[in-house]
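Enquirer: Can you read through this structure? Questions will come right after.
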Amino acid sequence: MKLEMRCLRLKKLLPAAFFLMLLLIFSPAYAAEVSASVLPATMISSGDGTITITIKNTNEAAEDGSGTEITDISILSSIPDVYFDTEGKSIAPGESKSFSGSCYFSEDMLNTSLSFTVNYTEGAKARSKDVSVKVLTAKTSSVTLTRSASSKQASPGEEITLTYRISNTGDAPITVTSLVDKEIGGKDSMLKEKQTIEAGSSSEVQYVYKMGKSTVTSEPTVTYKNTVTKEEGTASAAAITLGMVNSRISVEVIQGETTAAGITFTLNLTNNGNQKISDIKITDDQGNRVNGDSFALAIGENRQLTYNVVTEEERYVTFSITGVTTSGDKYEDKTKSYVVRKYIDPDLLGIQFTASVTETLNSAGSIGVRFNINNTGAMTMTDLVISMEDAYTDENGTEQTKLNEIYRTDVVPTGSFETTQTVYVGEPRDLAFVVQMNDPAGNPYTYTAHIKADVLGVRNVQETDDAQQSAINTLGATVGDSISKALTIALIVLAVLTVISIIAMAVLTALEKKQRREAARRRAAKERQMRREQRNREQY
């Protein structure tokens, strides 16, 4: 019975279902896509923006170009004072059109769905669709960068580990794009790849720096991007200085004169570094202690020591300094070498050195000079060298002097010997000759002799004859025939000699002035050289 009733109901429903299926198959298709967007999508606070409604007619056009159009478009907004210009607009099959309206977004409108109703006619049927947009509150970025170092002082070649901490204190994730610390890691980023740091989180980057030969400054900068607003920003850490450990004791060594008791050295030590140095010990080249108990030098502190050296043979003395720095490193340094020799009694030595002109200055600019060396002492001297002192101007325009060797011999026995040499001097001037030699212990000695390069007279024949003729004519007119022929000749000779004397005197006066100028210039150059040598000795 129940089965029959169910069949009866099914027979009644079949015609309605069949009619509905036919309606769906043969009814015209209406299709439109409606979307909405807003710019900017995020805002920090209230402000102006633009809302855009886009309608796409998804109906297909017929082969003849006809098809169902979308017409009678209007857009209703839940926001007052927003206008979309849709009047008279239509959309052909397959096409899209966008309609934009300006809008002021208040604080209350942010993070709220704003709805719009799009009305239009598709074919002969009125249709409507609702869309909405939302303007989000922009999330701010706030990044801090700190940096720490395992040490702020290091020796050359020592490693310092720097730790960079990037903290995201904002409310939006960030992407760290670069971390640069120019004097430490150069211009390139220290990051192997970009890093994303969530809000409230931090990230650390470590870098190992090998200390060079100079102090450097760490002043890092991080560059990042807000993943929400896409805005870029930078953050920097306060600068710190990574100082080079400069452990340095400057040593001034003053070598005294050789005496029978030996040679006294004075050592002036100053701590010119940035580390206190303790347990300082000083030894000579033979390992002998210069100071008694070890001592310390604070930064800027100095100490003076004296040390006497006695030797029977030539010796090159050096001083070695050792100590310990504040950081526990060993300090080692060494001075240059200073030659010391056996003491020779000055009473056993005697040298006389003279020079004299044997040939005056010739047209080639040379003179002949006889050098006499008289060894009046009781010891044979060695390694004799005779030189002439010449002045010159160096590349800096400073006047200097140098010694040009003229003669040398290996042995200078007791007694006197001489040698004659041709010396080029160029022009009339004062000359200084230097002889250098060593005693049997190797101690050097220097002696000097001075002479003047004389002028070889050269007569201008024409000028002399003219002067003589003028004197004869003048004298002849004055004397006339009133004197005897012998007296006339005598007066003429006297006049000629007078003229020659005047000419010679003028030449000699000019040469003497020039020689005085040259002598003054050489003396000034020699004094400057002596001052420079004195300064150099003081520096060392």
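Enquirer: Out of LEU110, LEU114, LEU136, I need the residue that is among the hydrophobic types (A, V, I, L, M, F, W, C), closer than 23 Å to SER45 by Cβ and surrounded by fewer than 16 Cβ atoms within 10 Å (Cβ to Cβ). Which one?
Expert: LEU136
Enquirer: Select from segment 363-408 the residues that are among the acidic types (Asp, Glu) and either on the phi > 0 side of the Ramachandran plot or in contact (Cβ under 8 Å) with a residue 40 or more places away in the chain (or both) and list them in ascending order.
Expert: We begin by selecting, within segment 363-408, every residue among the acidic types (Asp, Glu); these are 383, 389-390, 394-395, 399, 405.
Of everything in segment 363-408, those that are among the acidic types (Asp, Glu) and either on the phi > 0 side of the Ramachandran plot or in contact (Cβ under 8 Å) with a residue 40 or more places away in the chain (or both) turn out to be ASP383, GLU389, GLU399.
Enquirer: So, one more: Sort out which residues of segment 176-210 are open to solvent by 30 Å² or more (accessible area, probe 1.4 Å) and of a type in the set (S, T, N, Q), and write them in order of number.
Expert: Answer for segment 176-210, where residues must be open to solvent by 30 Å² or more (accessible area, probe 1.4 Å) and of a type in the set (S, T, N, Q): THR177, SER189, GLN195, THR196, SER201, SER202, GLN206.
Enquirer: In addition: Here are the criteria: (1) surrounded by 16 or more Cβ atoms within 10 Å (Cβ to Cβ); (2) assigned to a strand (DSSP E or B); (3) among the small types (Gly, Ala, Ser). Tell me which single one ALA296 does not satisfy.
Expert: (1) is the only condition that ALA296 fails.
Enquirer: For segment 47-70, give me each residue that is loosely packed, with under 14 Cβ neighbours inside 10 Å and either at pLDDT below 80 or polar (S, T, N, Q) (or both).
Expert: Within segment 47-70, THR50, ALA62, GLU63, ASP64, GLY65, SER66 qualify.
Enquirer: Moving on to the next point. Under the condition of being charged (D, E, K, R) and outside any loop (DSSP other than H, G, I, E, B), which residue from segment 37-67 is nearest to VAL118 (Cα to Cα)?
Expert: The qualifying residue nearest to VAL118 (Cα to Cα) is LYS56.
Enquirer: Turning to a different aspect of this structure: Residues in segment 308-316: is at least one in contact with a Leu (Cβ under 8 Å, 6 or more places away or on another chain) and of a type in the set (A, V, I, L, M)?
Expert: No.
Enquirer: If you don't mind, another one. Can we say GLN286 is at negative phi and either assigned to a strand (DSSP E or B) or in contact (Cβ under 8 Å) with a residue 24 or more places away in the chain (or both)?
Expert: For GLN286, the condition - at negative phi and either assigned to a strand (DSSP E or B) or in contact (Cβ under 8 Å) with a residue 24 or more places away in the chain (or both) - is not met.
Enquirer: Of the conditions (1) crowded, with 17+ Cβ neighbours inside 10 Å; (2) in contact with a helix residue (DSSP H, G or I) (Cβ under 6 Å, 6 or more places away or on another chain); (3) within 27 Å of ARG532 (Cβ to Cβ), MET388 satisfies every one except a single condition; which number is it?
Expert: (2)
Enquirer: Continuing with the same structure: Mind listing whichever residues of segment 403-435 are open to solvent by 70 Å² or more (accessible area, probe 1.4 Å) and among the polar types (S, T, N, Q)?
Expert: Within segment 403-435, THR414, SER416, THR420, THR422 qualify.
Enquirer: To continue, here is another question. Give the residues of segment 142-184 that are under 30 Å from GLY328 (Cα atoms) and part of a strand (DSSP E or B), sorted by residue number.
Expert: Across segment 142-184, the qualifying residues are THR146, ARG147, SER148, ALA149, GLN153, ALA154, GLU159, ILE160, THR161, LEU162, THR163, TYR164.
Enquirer: Does THR354 qualify as being over 42 Å from the mean Cα position of the chain (by Cα), under 29 Å from THR382 (Cβ atoms) and open to solvent by less than 60 Å² (accessible area, probe 1.4 Å)?
Expert: Considered against the rule, which asks whether it is over 42 Å from the mean Cα position of the chain (by Cα), under 29 Å from THR382 (Cβ atoms) and open to solvent by less than 60 Å² (accessible area, probe 1.4 Å), THR354 comes out as no.
Enquirer: Take ARG165 and tell me if it is in contact with a Pro (Cβ under 6 Å, 6 or more places away or on another chain) and more than 30 Å from THR54 (Cα to Cα).
Expert: The answer is no for ARG165.
Enquirer: Just to verify a result, which residue in segment 357-375, among those that are open to solvent by 40 Å² or more (accessible area, probe 1.4 Å) and out of contact with any Ser or Thr (no Cβ under 7 Å at 6 or more places or on another chain), is nearest to LEU267 (Cα to Cα)?
Expert: Result: VAL357.
Enquirer: So if I check each of ILE254, ILE280, which one is touching a Leu at 6+ places or on another chain (Cβ under 7 Å), modelled with pLDDT of 95 or more and not in a loop (DSSP other than H, G, I, E, B)?
Expert: Only one candidate qualifies: ILE280.
The values are calculated or read from the model by the stated rules, or taken from the named source; none is laboratory data. All figures in this text were calculated on a predicted structure; none of them were measured in a lab. Every residue, glycine as well, gets a Cβ built from its backbone with ideal geometry; the counts of neighbours run over all protein chains shown. The accessibility values were calculated without ligands, DNA or RNA, using every heavy atom of the protein model including side chains. Shrake-Rupley method; radii C 1.70, N 1.55, O 1.52, S 1.80 Å.
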